[in-house]
Each structure stands twice: as structure tokens, then as C-alpha cells.
Amino acid sequence: MLKGRLGLETARIPHADRAGLLWLARGSLTARDGTLSFERGPEPTENDPLDPGRYGIPLQGVSMILLGPGSTVSHDALRLLARHGTALAAVGENGVRCYTAPPLIANRSGLARRQARAWADPSTRLYLARRMYAWRMGEVLPNENIAVLRGMEGARMKETYRLAAIQAGIDWRGRRYDRARPGAADLPNQALNHAVSAVEAAAAIAVSATATLPQLGFIHEDPGQSFVLDITDLFRDTITIPVAFRSARRVAESAGRQNIERVTRRECGRTLQRERTIPKMIGRIKALFEDVKAPSPGSL
């Protein structure tokens, strides 16, 4: 009875034939008539694309559901999702937080295996690190020592910060962060801290969606989320810094009437949604492992 009622006898659709991500918020995700149903209450919500009502969810047509604030999920719905290999993550507004990391999606180990092979080979690991630096810098950095590459990247970031601050019209005195006193930093540095956290959450969603291994990074090595940090850094110049500096200017112009964390996370959420950043992150992860054989120099 339960098997038929929940639709668990149906066949799974390969993830290659699915649409990708589905965002839901402020409603109830339940099992209804053998499939998923998402019900929004009668109260309208600002900036929410879904009108009040009941929506049928094609659970086999998506790879991952991102469940936003104000939502609940039933036990039967979780069973359906698990049966059909559809992942579920609880996320913040517009993906600026990732509260859960779902188990790896069944039958999708290809990228993880490529990642593990590449990481285990020192030459290939360095090659992929240089590829990510090349994506960010627009050129292949000449040195093949990871410590030197990090130093070169750090020097370039100082100039990137300086130019972005000029463009945003804010006073920039350098990157400073005291973990023991995060609130003691100036507005631009506080905004950067919050923007980094938000983009890191988006990267965690992308890593979860691709079933890659967060521990196996190519530029970052020690943190448990090393690969998440690698992907986060790919969007530092285009998303993190511009969002942070825009937010810092806005709060400064409000003469302290606005909260820097709230403003930064909201601005980051809008930017992530507008720029379709998470799908771009997923695309970058797939592209990173398309060729894991170290090719000739200059073809990164």
C-alpha cells in the first residue's frame, strides 16, 4: 500500500536528463497523489516569484530542491526524494546560506571519481590549480609552485581590491580580519566577511549538487571544505568584492541606520539570483574535470 501510495515503484530518470535546481520557499512540501506538492499560504510575500496556491513538483525532473526559509517538509516527501535520487538542501534567502549538505546523489559518482584521481596525482593536482588561477586571472601564471602561485594571486588581489574600492567610491585601507573581533573591522572588511560567507554557501550548494568531494581542494588543502573554497574564489572578483563594496557604501551613506550583515547578504542574494551564479558554479565544476590529463603548457 505504501509503495503505491508514494509512487515508489516508478523508475528513476537519469540526472543527465533532468532540469537541475528547483528553488522553493515559504510553503509546505508534502507527498500528494504519488508525487510532490508544494503549497503556499494565502499571505503574499514580497519579492517571492510564487503566488499563493498549490503546485505539483516534478521530483524526477530535477536533480536538487533548494528549500528556503519559512518552509516545512513531510516525512513522506523525504521518502519520495530519497527513492528517486533527488537531493534536498535547506538554504538561506537566495542561497546565501547552506544549512544542510545532502548525501551524495545515487549513481552520480563520475565527477567525484575524476576529482579523486586528479587530486591524487601531484602533477594533475597542480595543473587544475593553475587552470583555476587562469580562469580568474585571464592568463596562465608561469610558475609551477603552488606556494608561489598563491603569493602571485595575493599580490594581484591587493590591486583588485584597490580598483574595486575606487569604482565603488569607498575608502579602502587593506584587507584586515580579526577572527576574535569580527565586528571591530571597518565597513568594507565586515562586508567582505559577510559576502564571502554568502558566496561560500552558494559554492557548497553547487558542490553538493554535483556530488563532488568538498574535502579534496586543489588550491586550498587543509579545510574540510577545501573544494568549496576553491569554487568560492572563482567568483571573488566578479561577485564577492563588488557586492561587498556596494553594500559598504550603502551602509556608510545611511549613517549607520542599516545593518551591514543584513544589507550585504540581501545584496549578495539578489546578485546570485540575477547572475545565475550557482548554475555557473556547477558548470565550472564540470568544466574543471573535463580533461584531467596534464596537457601541453599554455592550454589551461
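The values are calculated or read from the model by the stated rules, or taken from the named source; none is laboratory data. Given the structure is predicted, the values throughout are model-derived calculations rather than measurements. Cβ sites come from the backbone with ideal geometry, for glycine too, and all protein chains shown count toward neighbours.
Name every residue in the range 190-230 that is in a helix (DSSP H, G or I), more than 20 Å from residue 90 (Cβ to Cβ) and of a type in the set (A, V, I, L, M), in order of residue number.
Restricting attention to the range 190-230, the residues satisfying the condition of being in a helix (DSSP H, G or I) are 190-210, 226-230.
Those left that are additionally more than 20 Å from residue 90 (Cβ to Cβ): 190-193, 195-196, 226-227, 229-230.
Matches in the range 190-230: 191, 192, 195, 196, 229.
Kindly indicate the residue of the range 63-104 that is at pLDDT 85 or above, of a type in the set (Ser, Thr, Tyr) and part of a loop (DSSP other than H, G, I, E, B) and also surrounded by the most Cβ atoms within 10 Å (Cβ to Cβ) among those meeting that condition.
Filtering the range 63-104 for residues that are at pLDDT 85 or above, of a type in the set (Ser, Thr, Tyr) and part of a loop (DSSP other than H, G, I, E, B), the one surrounded by the most Cβ atoms within 10 Å (Cβ to Cβ) comes out as 86.
Answer with yes or no whether residue 177 is touching a residue at least 60 places away in the same chain (Cβ under 8 Å), closer than 30 Å to residue 258 by Cα and among the aromatic types (Phe, Trp, Tyr). Spell out how you get there, then give the answer.
Working: touching a residue at least 60 places away in the same chain (Cβ under 8 Å): no; closer than 30 Å to residue 258 by Cα: yes; among the aromatic types (Phe, Trp, Tyr): yes.
So residue 177 fails the test.
Determine which single condition residue 192 fails, assuming it passes every other condition in (1) closer than 26 Å to residue 247 by Cβ; (2) free of Cβ contacts under 8 Å to residues at least 24 places away in the same chain.
(2)
On the given criteria, is residue 174 surrounded by fewer than 19 Cβ atoms within 10 Å (Cβ to Cβ), under 25 Å from residue 151 (Cα atoms) and out of contact with any Leu (no Cβ under 9 Å at 6 or more places or on another chain)? Talk me through it step by step, then tell me what you get.
On the way: surrounded by fewer than 19 Cβ atoms within 10 Å (Cβ to Cβ): yes; under 25 Å from residue 151 (Cα atoms): yes; out of contact with any Leu (no Cβ under 9 Å at 6 or more places or on another chain): yes.
In short, yes.
Scanning the range 220-239 for residues that are among the β-branched types (Val, Ile, Thr) and under 12 Å from the mean Cα position of the chain (by Cα), which turns out surrounded by the fewest Cβ atoms within 10 Å (Cβ to Cβ)?
Applying the first criterion (among the β-branched types (Val, Ile, Thr)) to the range 220-239 yields 228, 231-232, 238-239.
Subset that is under 12 Å from the mean Cα position of the chain (by Cα): 228, 231-232, 239.
Working: 228: 27, 231: 26, 232: 25, 239: 21.
The extreme case among them is 239.
Please go through the range 244-278 and pick out each residue that is part of a helix (DSSP H, G or I), under 20 Å from residue 184 (Cα atoms) and within 24 Å of the chain's Cα centre (by Cα). Spell out the reasoning first.
We begin by selecting, within the range 244-278, every residue part of a helix (DSSP H, G or I); these are 244-253, 260-274, 277-278.
Subset that is under 20 Å from residue 184 (Cα atoms): 244-253, 260-265.
The answer is 244, 245, 246, 247, 248, 260, 261, 262, 263, 264, 265.
So which of 24, 50, 8 is at pLDDT 90 or above and hydrophobic (A, V, I, L, M, F, W, C)?
On the way: 50 fails: at pLDDT 90 or above; 8 fails: at pLDDT 90 or above.
Answer to the check: 24.
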